[in-house]
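Shown next, in structure tokens, is the structure this report addresses.
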Amino acid sequence: RQVCELPDGPQDDSFGLFGGLVRLPLRNHDVLIFSNVDSRSERANGVVWASLDGGRTWPGKRCLFKRRFAYSSLAAGPIGSPVEGWIFCCFEGPEEAGFVARFNLSWLF
């Protein structure tokens, strides 16, 4: 199903920008995190969205990186590990350099 509030790259392009999607390993909760560009005309303004109901609604939204942002990928820390509860976003930033951001649900909401 198509979710209108989740953009697929610059909205004036004819191709997508390969956003990231991860399901958090939380017991008794179906939390999805999506990352992509939220811009009409350029690869900038990297934003993450959160769904607490398996993708039916997306109430959480926060800007992760305002400058160049492309080709993001998401990962979640496994249960029982030192990084449990952390979400990691790897993306292409300025000058095509690789960046990694770390955040949690508290930051997103």
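Listed values, structure above:
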item: Flag if Gly9 is open to solvent by less than 20 Å² (accessible area, probe 1.4 Å), modelled with pLDDT under 90 and either over 17 Å from Asn104 (Cβ atoms) or not charged (D, E, K, R) (or both); result: yes
item: Some residue of segment 79-89 being within 21 Å of Phe109 (Cα to Cα), open to solvent by 70 Å² or more (accessible area, probe 1.4 Å), modelled with pLDDT of 95 or more and outside any strand (DSSP E or B); result: yes
item: Residues that are free of Cβ contacts under 8 Å to residues at least 40 places away in the same chain, more than 11 Å from the chain's Cα centre (by Cα) and surrounded by 16 or more Cβ atoms within 10 Å (Cβ to Cβ), drawn from segment 93-109; result: Gly93, Phe99
item: Contacts under 6 angstrom Cβ, first residue in segment 45-72 being under 22 Å from Pro25 (Cβ atoms), partner loosely packed, with under 12 Cβ neighbours inside 10 Å and hydrophobic (A, V, I, L, M, F, W, C), 6 or more apart; result: Gly60/Phe109
item: Lone qualifier among Ser51, Ser41 - being surrounded by 17 or more Cβ atoms within 10 Å (Cβ to Cβ) and under 19 Å from Glu5 (Cα atoms); result: Ser51
item: Filter result (part of a loop (DSSP other than H, G, I, E, B) and open to solvent by 70 Å² or more (accessible area, probe 1.4 Å)) within segment 58-77; result: Pro59
item: Qualifying residue in segment 15-25 (condition: surrounded by fewer than 19 Cβ atoms within 10 Å (Cβ to Cβ), of a type in the set (Phe, Trp, Tyr) and modelled with pLDDT under 85); result: yes
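The values are calculated or read from the model by the stated rules, or taken from the named source; none is laboratory data. Computed from a predicted model, the values in this text were never measured in an experiment. All Cβ positions, glycine included, derive from the backbone under ideal geometry; neighbour counts span all protein chains shown. All accessible areas refer to the heavy atoms of the entire protein, side chains included, with ligands and DNA or RNA removed. Shrake-Rupley method; radii C 1.70, N 1.55, O 1.52, S 1.80 Å.
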